[in-house]
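To start, the structure itself, in structure tokens.
The values are calculated or read from the model by the stated rules, or taken from the named source; none is laboratory data. Small disclaimer: the values here were computed from a predicted structure and weren't measured. Cβ: placed from backbone, ideal geometry, glycine included. Neighbour counts: every protein chain shown.
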Amino acid sequence: SLTIGIVGLPNVGKSTLFNALTRNNVLAENYPFATIEPNTGIVPLPDDRLPVLAKLVHTEKIVPATVTFVDIAGIVKGASEGEGLGNQFLANIREADAICEVVRAFEDDDIVHVNGRVDPADDIDTINTELILADLQTIENALPKLEKDLRGKKVTPEYVAAVKRAKEILEAGETIDHAAADGRIDKDDIRDLHLMTAKPFIYVFNVDDAELGNEGFKAKLAESVAPAKSIFLNAQFEAELTELDEADAREMLEDAGLKESGLDQLARVGFDILGLQTFLTAGEKEVRAWQIHKGWTAPQAAGVIHTDFEKGFIKAEVISYDDFVAADGSYAKVKEEGKMRLEGKDYVMRDGDIVEFKFNI
Ligand code: GDP
């Protein structure tokens, strides 16, 4: 499954956030046979539709989609030079599919900042510079062979040009993710390089409680990393929330003037930047959100439930969530009203589709 690696300088609140994420762990409940690595947190993707559906079809069991976070400890200046921990750190990032960068924006004189002062932009620069330098090394190592392959016509001039464009972007101190968002490079063109800064980035600003509602303060930070996504939360507050039961947690959120916890936001944005979406199934046994890649077709989606479903796919019976709710969760009524669509093998799944697959096995 796809994972999001959590990185950041020391003392910015990574462990606090990660512990909150793992306490929110959904694994034990729904996937009792899976094993979980100590540095992995598997959290539910919040989805308000699931409890509504469960009530309509009279089931207690809800299985949400999940988002997997991996705690990648130990960024230090010089990581890209491959000193000790640095190597391991980079290897762990290479394995992740997206990068969640935790940035300290809270003030606390008791908690030492590694650079002596709280400066989010400077912290981001420190981390991204290490990743950029490591990517530049990857390109420099690859280039001599690429030039040779070009002469031997084993690679296209377009590919080599794209690699050189990536090099220029990195040399200018920019991540590939950032340049790609502006349309200055196409990530697909350089996929074979597996560059770290080509992974999607989310920035999590760990801010004081008092600043959570300070739109001006947040807008400035968000702008500094745009068009990458940013999330604002207070890691300690999030940790406290996970210790409460649902009703108390909701009350604490409301008291703080928040609609959603930071962890829930992080799960949603993380799921999205991984390029994932869900489709739903609803029956007496369970209500479930299944995760698929954006753009997947009906047979591919069926294959997530069971590999045989993909091979023997005949058609999908699809109902939109809204139509299902409007029909009080009655499949018969939905059919009667002509709201059930029969979709074939080329159908591209849409978020919120409630599906039943028909197949031959
Ligand atoms: P890490 O080194 O990035 O994993 O940072 P930790 O999660 O260990 O946090 C470092 C210290 O900062 C700990 O003493 C935390 O309790 C504290 N801390 C974490 N988040 C916050 C926050 O939002 N506000 C304040 N004031 N302290 C925090």
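Just a few scattered comments:
- Reported count of residues in the stretch 310-331, each being outside any helix (DSSP H, G or I) and over 26 Å from the mean Cα position of the chain (by Cα), is 12.
- Inside the stretch 287-309, residues that are at pLDDT below 95 and part of a loop (DSSP other than H, G, I, E, B) make up a count of 1.
- Pairs linking a residue in the stretch 17-28 that is away from the ligand (no atom under 14 Å from the Cβ) to a residue that is at pLDDT 90 or above and in a helix (DSSP H, G or I), with Cβ atoms under 8 Å and 6 or more positions apart or on different chains, are Asn24/Thr242; Asn24/Leu263.
- Listed by first and then second residue, the pairs linking a residue in the stretch 233-248 that is more than 14 Å from the ligand (Cβ to nearest atom) to a residue that is of a type in the set (A, V, I, L, M, F, W, C), with Cβ atoms under 8 Å apart and 6 or more places separating them unless they lie on different chains, are Leu244/Met252.
- Any hit, the stretch 156-167, residues being surrounded by fewer than 18 Cβ atoms within 10 Å (Cβ to Cβ), out of contact with any Gly (no Cβ under 6 Å at 6 or more places or on another chain), touching a residue at least 40 places away in the same chain (Cβ under 8 Å) and closer than 24 Å to Val225 by Cα: no
- Residue within the stretch 68-84 that is away from the ligand (no atom under 16 Å from the Cβ) and at pLDDT 90 or above present: yes
- With respect to the conditions (1) at pLDDT 95 or above; (2) more than 29 Å from Lys14 (Cβ to Cβ); (3) within 27 Å of the chain's Cα centre (by Cα), Gly183 lacks only one, and its number is (1).
Yes/no per residue for (1) modelled with pLDDT of 95 or more; (2) of a type outside the set (A, V, I, L, M); (3) surrounded by fewer than 14 Cβ atoms within 10 Å (Cβ to Cβ); (4) closer than 30 Å to Ala179 by Cα:
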position	(1), (2), (3), (4)
Ala226	no, no, yes, yes
Leu233	yes, no, no, yes
Leu266	yes, no, no, yes
Leu274	yes, no, no, yes
Thr281	yes, yes, no, no
Lys311	no, yes, yes, no
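- Residue in the stretch 155-172 that is under 30 Å from Ala219 (Cβ atoms), in a loop (DSSP other than H, G, I, E, B) and at pLDDT 95 or above present: yes
- Qualifying residue in the stretch 95-110 (condition: at pLDDT 90 or above, in a helix (DSSP H, G or I) and within 29 Å of Thr22 (Cα to Cα)): yes
- Pair list, Cβ < 7 Å and 6+ apart or interchain, from the stretch 123-141 residues that are assigned to a helix (DSSP H, G or I) to residues that are crowded, with 19+ Cβ neighbours inside 10 Å and among the acidic types (Asp, Glu): Ile124/Glu101; Ile127/Glu101
- Residues satisfying the stated conditions in the stretch 136-146, i.e. surrounded by 12 or more Cβ atoms within 10 Å (Cβ to Cβ) and not hydroxyl-bearing (Ser, Thr, Tyr): Leu136, Gln137, Ile139, Ala142, Leu143, Leu146
- Leading residue by the ranking (nearest to Thr297 (Cα to Cα)) among those in the stretch 339-359 that are among the hydrophobic types (A, V, I, L, M, F, W, C) and assigned to a strand (DSSP E or B): Val348
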